[in-house]
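S.K.: The structure that follows is given in the form of C-alpha cells.
The values are calculated or read from the model by the stated rules, or taken from the named source; none is laboratory data. Because the structure is predicted, anything quoted here is derived from the model rather than measured. With ideal geometry, Cβ positions are generated from the backbone for all residues, glycine too; neighbour counts draw on all protein chains shown.
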Protein chains: 4
Amino acid sequence: MAGQQFLVTLKDHPWFEVAALAASERSAGKTYRQAISRADGSSSWQCDEAFPEVFAEQPVVAASELDTDSVDIVFSAVESDAARQLEPIYAATTPVISTASAFRYEDDVPVLVPGVNLEHAALLKRQQRERGWKGWVAPQPNCTTIGLVIALAPLVRAFGVERVFMTSLQALSGAGKSPGVAALDVLDNVIPFIPQEEEKVEIETRKVLGRLEGEAIEPLDVPVSATCTRVNVRDGHFEAVTVGLGREAGPDEVAEVMGAFGREFTDLGLPSAPPELIRVLDDPYRPQPRLDRDLNDGMTTVVGRLRADQALERGVKFCLLSHNTKMGAAKGAVLLAEHLVQQGLA
Amino acid sequence: MAGQQFLVTLKDHPWFEVAALAASERSAGKTYRQAISRADGSSSWQCDEAFPEVFAEQPVVAASELDTDSVDIVFSAVESDAARQLEPIYAATTPVISTASAFRYEDDVPVLVPGVNLEHAALLKRQQRERGWKGWVAPQPNCTTIGLVIALAPLVRAFGVERVFMTSLQALSGAGKSPGVAALDVLDNVIPFIPQEEEKVEIETRKVLGRLEGEAIEPLDVPVSATCTRVNVRDGHFEAVTVGLGREAGPDEVAEVMGAFGREFTDLGLPSAPPELIRVLDDPYRPQPRLDRDLNDGMTTVVGRLRADQALERGVKFCLLSHNTKMGAAKGAVLLAEHLVQQGLA
Amino acid sequence: MAGQQFLVTLKDHPWFEVAALAASERSAGKTYRQAISRADGSSSWQCDEAFPEVFAEQPVVAASELDTDSVDIVFSAVESDAARQLEPIYAATTPVISTASAFRYEDDVPVLVPGVNLEHAALLKRQQRERGWKGWVAPQPNCTTIGLVIALAPLVRAFGVERVFMTSLQALSGAGKSPGVAALDVLDNVIPFIPQEEEKVEIETRKVLGRLEGEAIEPLDVPVSATCTRVNVRDGHFEAVTVGLGREAGPDEVAEVMGAFGREFTDLGLPSAPPELIRVLDDPYRPQPRLDRDLNDGMTTVVGRLRADQALERGVKFCLLSHNTKMGAAKGAVLLAEHLVQQGLA
Amino acid sequence: MAGQQFLVTLKDHPWFEVAALAASERSAGKTYRQAISRADGSSSWQCDEAFPEVFAEQPVVAASELDTDSVDIVFSAVESDAARQLEPIYAATTPVISTASAFRYEDDVPVLVPGVNLEHAALLKRQQRERGWKGWVAPQPNCTTIGLVIALAPLVRAFGVERVFMTSLQALSGAGKSPGVAALDVLDNVIPFIPQEEEKVEIETRKVLGRLEGEAIEPLDVPVSATCTRVNVRDGHFEAVTVGLGREAGPDEVAEVMGAFGREFTDLGLPSAPPELIRVLDDPYRPQPRLDRDLNDGMTTVVGRLRADQALERGVKFCLLSHNTKMGAAKGAVLLAEHLVQQGLA
C-alpha cells in the first residue's frame, strides 16, 4: 500500500518522474495494471485516490533486478526484511529514501523528518564513506513517531523537554502488509498491543530529536514512554501526549510555539510541503481522525486539547493527529526527498 | 439504559425484590411493557439480555410520586439534574444507591466501591445527621473511575502511589442519555473529549482512595491526570495507566498484588460479586473490550500489559478494562447494596 | 446537513451566488459562523469538506422571514413538516428547489431528476396556475430513489421494464435530522426498517419514470418492491436490484445501454453535472460505498455485478451505488437548478 | 474457527464425548492449548465463549493420521480442498458430519438440515454402497443457505413456492479461513461479492428442499436468485427474501405457518435443538443481527417484516436472521448428529 501511495504522490510531481517500478518476482514482467490485477478481475489498488492511469502500462521489474543507473533516487516501501537485503544493493549506487525500519537504528543512518532535523543528513556522508556506497539509505521514522517528533520539536527548542508519555490510538492502515488487521479482531474492539511499536517510538523519538555531534547523533536524553493501541479507524494516528517541560510554560505559550514551528521550512515552498507543519485547534472535540487527517493533504500534524498536566512538574498535555499513510509514509518520504534535493544533498 | 440494567440485575436476585418502578411523568400509569414500547410497535429495550418478562405488567409510577415507604432501598439511575432533585426526597426516608454524579462531590457523601472503601460508609451517618434524613445517598463513582480505583487500590496499599496518568478509550454505552453518540460522529473515528469526564475521574479517584478521618474523607494526596476519549466500541472502558509507585516494585510483584486484591471481599460470597476483583493477564494482546468485558459477567477489572515505565521514577504501566454498564453501573450498584446490607448498613 | 452541503456546492458556483441564508428562529440574527458554533466552542459543521469561510460572516435570517424578492431561486433543505409550511410561502414569488418530500406526491408537482425526466417540468406551469404562485416547488426524489431511477431509465427506454425488486443497504448520512442513527444501534448491526422509505421509493420510482400526458404524469405501470435497510456506512446508498425487462437482453447489452445513458444531458456541460450519469464496472467486487461513492464528486451512479436473473422472465440483476448526500441531496438539487435555468425554466 | 466452535458445543454435551482432536501437521503432537498458542504468548482462540479448559491438555493428532476406530462420529470443519482429501478416508470406516462444501453437490450425498429434510438421509445407504464405505459423509449446507431453507420449508409445504429472490447481508465470521475479511476492506463499507456464494445458495436451496425419489433427490423445481454481500457485522447472516407462493396467502397466514414449523422436531428434545425452529417477530425493526442472533443460542431462525410483495404474483417478502457460526456451522452440525443418532442412523 505504501508503494501505491508513492505512485499517487509522484503522479503529477513537478520535480520527480517515475522512471522504473520494482516489485516482487511475482509481478516482474507485467505491466503495472497487470501486477495489481487479481485472477477474478478485481484490482488490488487500495488507495482512496483513483488508480493513476499514467502508470498502467509501465513495466514492472523484479526488485532485485532494478537498474539503479536509470534512476536518481529510489523510494523504497518494502517490508523490513526485504529492505535489509535490497536497500544496500540500491544504495551502492543511488540514494534511497525508505519507509522501512531496517536501517533506522544504525549509528551511521539518520532518521530524517522534513522540517525537524535535516542537519542529521550529515550522517549520509559518513554512511557512504564507511559502507563504500555511492548512494545512501535515509529512512523515515515509524508512522507513529513522526507526528510525535513534529509536535515535540518546538517544545524541545523553546522550553526543553524532560520526559514524554504517549498513548496512541492507531489506524488500521498503519498495520502494514496485506491483509493487515482482520475485521473480526477490531470490530467493536481495541487491540492493546502492536509488536515492536512502542520500542520503535521510544528509540526513534530520542534519535530524531537528538543533537548532531560531528558525524554522530547524540540522542535526546529524555525518557519516552509509549503505549500503542489499535482502534477501528481507517487512517490517522491519534496520540494522547504528556510532556514534562524544561521550564514552566502555559498552554497558550505552548500553542503559540507549536503553531509557529517550521515556518522557515514551509516557506521553502517544497511541492509536497504543507503550509504549516502543525495546526493547533481550540475546539475541545478536535483533532478527530476522520475530520482532521486530510488537512493539507495529510501533511500537517494537528494538535488539540492543549492544557496543563497537574500530575507532572511543568507538565503540559495534548492530543495530536498525524496521517500515517501521508506524512507518515509515502508523501512524507517524497517531501524528504524534495528537501534533500533542494539542499543539494540528493 | 442504566435503569434497564438494574432490572436485568434484579430479575432473579436472591435478596432483593423489585417493589416499585419509577420513571418520568411520561411513563407514569403505564405498565413497564407499555412504558418501553414505541408508537410504531418497536421496543426501547436496549440491553443485550432478554426483556425480563417478570416486570412486564408491573405498574410504573412517576418518579416524583414514588412511595418510599413501600421500599427498603432505592436504586437511582437518573441524570444528574434529576438526581439532585429526586434523591433528597427519597433519602429523607430511605437509603438511595445512585449511579448519578449529583452528590458525589459533597463532603458528607462517600463515593463507594465494593471491596475498595466500604469504611467510607461511616459518612452516611453524618449525612443523615446533618441533613436530617432517615435514609442517605450513596453514589457509585463514574464508570471510568471505577476500574481505575480498583486497579490502584492494591498499589496504594502495597507500595504507595505518587502520581497517576490515565488515557481512556471509552465505550459508547457510557455516553448516557438517549440517543447517545451519533453513529456518524464515531464511525471511522475517535472523539478526543468527553465533557466533565476527566475532572470526575481525577477528583473521584482521590476521594475513593482517600483515608477516612473521623467522619470525613481525606483525599489521597496524589496528582491524577486523565485524558478521556471515546472509541467505536459498544461496552467496556479501556484505560492505559501509568503509575509512579511509592517504593520500587517490578511488574511481577505488582501483578501478584493486584491478582490477590479483594480476596476477603470476594470471599463474602455476595450474590453479585465476582470470584476475583482483578484478573491479570499475561497475553500481550489483552485485555480487549470485546473479548474480556464479560469476564465474570462484567464484574472483574481485567489488567494486562503490566510493565515498567522508564519515564517515571518507580514507574509501572498497564492497561485495564472495566465493564461500564456492569461493574460501572447497575450491577456494581447492586453489589454495593449487597455489601451495605451484609454489613448491616442498609 | 443538507443545508451545509448546499453551501459546499454553491461556494464557488459559476452561476449562482448565495444571496441569503435562512434557518430556524434559533439561528436568526447570528452570522453563519455563530449559527453553527456550540456553547462549548465546538462546531456543528458536519461535511467532510472544509467550512466555507466565505459564508462565515453572512447573516442568517429566520426561515419564515426570508425576503424572497432578494433571491432568484430558493434551495430548501428542511424537514418535511417545515417544508409544507415554508415552501408555499417562498413559491408564491420564487422558484423553490427542494430536497423535502412534502410536495412530491401532489398531482401538479413533478419529481425531477436531471438527465432523466426534465419534460415533467411542464407541470410547473400547471402548479403556478392552479396555486396562483409566481414561483413553484420542484422537489428531488428521495436519496434512495434517485440512483434507482437513473439506473432504470435507460432500461425503460431501451427494453421496457415489467417489474422491479430492490433491497437497499443505506448509509447513515441519509437518516436525516440530527442526531441521526445512534452508534449503539448500528455498530455490529443491520437495521432492517426505515419508516416510510419503501413507500417513497415505490411511489417515486413510478412517478419519475412516468409519462407526461398534457400537464399530468401517468406513472410507469410497473410494480416496484423495495426493502430498505440501514448499514454502518457513512455515505453512499447501495442497492441490489432485479429487473424484469420488456424484451430479452443480455448483461452486455444492458451494460452498454446504461453506460451510454444521458450523453445528451452530460454534453450540456452543466457546472455540477458529472461526465457520465452511469458508470458500469466489471470488477465483481464493485461498486463499494467507500471506494466508489466519490466518483465524479458523487454525481455518477455506479453499477456493477450485472448478470441475468434466472428467477424472473427476462430478468437482469445488478448492484448500484449512489451518493446520498451528493447526487441524492444538495448537489443533485443544484444540478437540477442548473438544468432548469439552462432550459429557461427558472 | 468452526473447529473451535465444535469444542464449545461439545464441551458439556450429554451424549457425545470428544475422543480425539485432529488438526494440521503443524499442530500434531502438541496439546490443544499449545496448538492454539502463538509464539508471542497470545492465543488464537477466537470464540466469544471461554476457552474450554477441559480440552487444554488433550493431544492433537495430524488430521491424516486420525485413528477413526477410536471414534463413532467425525465432525469435520476443514476447508473444502482438505475435506475432499480427508473425508473419504474417514468415511471409509466412520460417519462424517461436515461443514465443508466438498461433497454437497454429489448425487449420492444429502445436504441435511435438522428438522427440514431428514428423509434425505436415505442417500447415506446408497453412498455407502456405491463408494464401498462403512461410514458416510453428511454435509450441512452453506451458512447462508441454512436460514433460507428453514424459512422456506414451511412455505413449500403449506403453499408451494414458485420463485425465490434473496439478498444477503452476511457477517464477517462467515468468511472462513484466517484471517478472513480485512478490516480496511469492510470498515465504512459493503462488499458486494462473495465468490461462489450465490451459486451455493441457489443449488443447495433446491437440493435441501427437494423430494426424495427412491435413493435420489429431485431438486425443488423453483428458480432461486441470490445476491450475496458482506457487511461489517460480526455474526448473523441477514437476508431479505421475496417468495412467489403457489397459492395466495396473507402475511398473517404465512407467519402462523412459519411459527408452527418444526414442532414435531423440536419436541424430540434433542440436546442442541432450540425450542422453536423459527421465531416470527412483529416489531418492524427486527430482526437485527446484534439483538437477535443469540436467540436460543443461535439455533433459531428469526423472521420479521413479513408483508405482501406487490411486484410478484402471490408474493410475500420478509427478512430473516440466522446465526452463521451456530445453526449455520458447528452447533448445527452437532444437532444434525444428534438427530441422526436419535433416528438410529448414526
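S.K.: For the subset of the range B:186-226 comprising residues that are charged (D, E, K, R) and away from chain A (no Cβ under 13 Å), which member is farthest from residue A:318 (Cα to Cα)?
M.R.: Among those that are charged (D, E, K, R) and away from chain A (no Cβ under 13 Å), it is B:215.
S.K.: Sticking with this structure for a sec: For the list (1) farther than 27 Å from residue A:183 by Cβ; (2) in a loop (DSSP other than H, G, I, E, B); (3) polar (S, T, N, Q), I need the number of the one condition that residue D:64 fails.
M.R.: (2)
S.K.: Kindly indicate whether any position in the range A:322-331 is at the interface with chain B (Cβ under 10 Å from one of its Cβ atoms) and either within 27 Å of residue A:101 (Cα to Cα) or in contact with a helix residue (DSSP H, G or I) (Cβ under 8 Å, 6 or more places away or on another chain) (or both).
M.R.: Within the range A:322-331, not a single residue is at the interface with chain B (Cβ under 10 Å from one of its Cβ atoms) and either within 27 Å of residue A:101 (Cα to Cα) or in contact with a helix residue (DSSP H, G or I) (Cβ under 8 Å, 6 or more places away or on another chain) (or both).
S.K.: For the range D:122-139, does any single residue satisfy the condition of being at pLDDT 95 or above, closer than 18 Å to residue D:228 by Cβ and aliphatic (A, V, I, L, M)?
M.R.: The answer is no, given that none of the residues of the range D:122-139 is at pLDDT 95 or above, closer than 18 Å to residue D:228 by Cβ and aliphatic (A, V, I, L, M).
S.K.: From the list A:222, A:241, pick out the single residue that is assigned by TED's automatic domain parsing to the domain that holds residue A:314, part of a loop (DSSP other than H, G, I, E, B), more than 17 Å from the chain's Cα centre (by Cα) and β-branched (Val, Ile, Thr).
M.R.: A:222
S.K.: Also, I was wondering about something else. Given the residues B:109, B:96, which is the only one that is farther than 23 Å from residue B:25 by Cβ and either buried (at least 22 other Cβ atoms within 10 Å of the Cβ) or in contact with a helix residue (DSSP H, G or I) (Cβ under 6 Å, 6 or more places away or on another chain) (or both)?
M.R.: B:109
S.K.: With the requirement that a residue be aliphatic (A, V, I, L, M), out of contact with any His (no Cβ under 8 Å at 6 or more places or on another chain) and in a loop (DSSP other than H, G, I, E, B), what does the range B:248-272 give you?
M.R.: B:249 - this is the single residue of the range B:248-272 that is aliphatic (A, V, I, L, M), out of contact with any His (no Cβ under 8 Å at 6 or more places or on another chain) and in a loop (DSSP other than H, G, I, E, B).
S.K.: For the structure I just gave you, tell me whether residue A:65 is touching a residue at least 24 places away in the same chain (Cβ under 8 Å) and within 28 Å of residue A:133 (Cα to Cα).
M.R.: Answer is yes for this residue.
Results for (1) under 23 Å from residue B:337 (Cβ atoms); (2) at pLDDT 95 or above; (3) hydroxyl-bearing (Ser, Thr, Tyr), shown as yes or no for each residue.
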position	(1), (2), (3)
B:60	yes, yes, no
B:64	yes, no, yes
B:67	yes, no, no
B:70	yes, no, yes
B:76	yes, yes, yes
B:85	yes, yes, no
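S.K.: So, one more: Restricted to the range B:240-265, and to residues that are more than 14 Å from every other protein chain (Cβ to nearest Cβ) and β-branched (Val, Ile, Thr), which residue is surrounded by the fewest Cβ atoms within 10 Å (Cβ to Cβ)?
M.R.: B:257
S.K.: List the strands (runs of 3 or more DSSP E) inside the range B:136-219, counting only whole elements, that have at least 1 residues being surrounded by fewer than 20 Cβ atoms within 10 Å (Cβ to Cβ) and hydroxyl-bearing (Ser, Thr, Tyr).
M.R.: In the range B:136-219, no matching strands (runs of 3 or more DSSP E) lie anywhere.
S.K.: Across the range C:313-327, which residue is nearest to residue D:194 (Cα to Cα) among those that are of a type outside the set (Asp, Glu) and surrounded by fewer than 23 Cβ atoms within 10 Å (Cβ to Cβ)?
M.R.: C:315
S.K.: Which residues, counting only those in the range B:100-114, are farther than 14 Å from residue B:216 by Cα and out of contact with any Ser or Thr (no Cβ under 7 Å at 6 or more places or on another chain)?
M.R.: Selection gives B:103, B:113, B:114.
S.K.: Something else: Can you list residue pairs whose Cβ atoms sit under 8 Å apart, with the first residue in the range D:84-96 being in contact (Cβ under 8 Å) with a residue 60 or more places away in the chain and the second being in a loop (DSSP other than H, G, I, E, B)? Count only pairs 6 or more apart in sequence or on different chains.
M.R.: D:95/D:72; D:95/D:73; D:95/D:135; D:95/D:346
S.K.: Only one of B:40, B:12, B:72 is within 14 Å of another protein chain (Cβ to nearest Cβ) and in a loop (DSSP other than H, G, I, E, B); which?
M.R.: After ruling out the rest, the residue left standing is B:40.
S.K.: Here is a follow-up. Residue check, residue D:319 against (1) free of Cβ contacts under 8 Å to residues at least 60 places away in the same chain; (2) within 14 Å of chain C (Cβ to nearest Cβ); (3) in contact with a Lys or Arg (Cβ under 7 Å, 6 or more places away or on another chain), all met but one. Which one?
M.R.: Status for residue D:319: all satisfied but (1).
The rows are residues; the columns are (1) among the hydrophobic types (A, V, I, L, M, F, W, C); (2) under 20 Å from the mean Cα position of the chain (by Cα); (3) surrounded by fewer than 16 Cβ atoms within 10 Å (Cβ to Cβ).
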| site | (1), (2), (3) |
| --- | --- |
| D:18 | yes, no, no |
| D:29 | no, no, yes |
| D:37 | no, no, no |
| D:84 | no, yes, yes |
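S.K.: Would you tally the residues in the range D:266-304 being buried (at least 24 other Cβ atoms within 10 Å of the Cβ), at the interface with chain C (Cβ under 9 Å from one of its Cβ atoms) and basic (Lys, Arg)?
M.R.: 0
S.K.: When residues of the range A:162-185 are filtered for being at the interface with chain B (Cβ under 9 Å from one of its Cβ atoms) and either over 22 Å from residue A:145 (Cα atoms) or of a type in the set (D, E, K, R) (or both), how many remain?
M.R.: Adding up the residues that qualify gives 2.
S.K.: Let me ask another. Could you grab me the full set of residues in the range A:227-239 that are hydrophobic (A, V, I, L, M, F, W, C) and within 9 Å of another protein chain (Cβ to nearest Cβ)?
M.R.: Answer for the range A:227-239, where residues must be hydrophobic (A, V, I, L, M, F, W, C) and within 9 Å of another protein chain (Cβ to nearest Cβ): A:231, A:233, A:238.
S.K.: Check residue B:118 against each of (1) assigned by TED's automatic domain parsing to the domain that holds residue B:234; (2) within 20 Å of residue B:257 (Cβ to Cβ) and name the one condition it does not meet.
M.R.: Unmet for residue B:118, out of (1) assigned by TED's automatic domain parsing to the domain that holds residue B:234; (2) within 20 Å of residue B:257 (Cβ to Cβ): (1).
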